[in-house]
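Read the structure below first, then the notes.
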Amino acid sequence: MRLRSIFTGFQSRLAKLVFVRGEMLRFKFFVLLALAASGVHAEEDPFADLKKGQPKEVGAVAERIAVCNHFAGEEPYDAERRQEIADAMKKYRCGKLERDEAGLRKRYKDNPGVLEALQKAHDW
């Protein structure tokens with residue numbers, strides 16, 4: 001508890017410094033510090049649960065399904081965002097995803113765990 005109290009006090013002082021000076025760079029540092037302290041790590045795989053226990057190729061396609069569904073629903077509100085979405089769709093080979101998924105579903109038709117993982121990816 002004492003450590004939490006010290007950290008909260010530090011956050012408060014840092015927040016005052018950030019907003020008093022009004023510098024965005026310091027604000028970004030504050031956000032980064034808060035994320036680091038909360039235990040969020042950039043190297044963690046957000047799809048780890050989805051891919052757990054699956055063959056490598058199934059995990060890769062499940063991740064592609066989730067990512068492609070995300071970007072397919074994004075709004076291209078300006079040219080830069082439109083390009084970001086197009087780049088992501090190309091990087092994850094979203095145009096070939098249906099074919100790749102169908103091949104896995106056929107190959108693993110008798111493996112309910114694989115079929116479930118692929119379905120969960122659509123619901124991600």
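Residues of region 68-124 that are among the basic types (K, R) and either closer than 18 Å to K56 by Cβ or not assigned by TED's automatic domain parsing to the domain that holds G53 (or both): R93, K96, R105, K106, R107, K120. Applying the condition of being among the β-branched types (V, I, T) and within 14 Å of E101 (Cβ to Cβ) to region 55-91 and asking which residue is surrounded by the fewest Cβ atoms within 10 Å (Cβ to Cβ) yields V67.
The values are calculated or read from the model by the stated rules, or taken from the named source; none is laboratory data. Because the structure is a prediction, the values reported are computed rather than measured. FYI the Cβ positions are ideal-geometry reconstructions off the backbone, even for glycines, and counts take in every protein chain you see.
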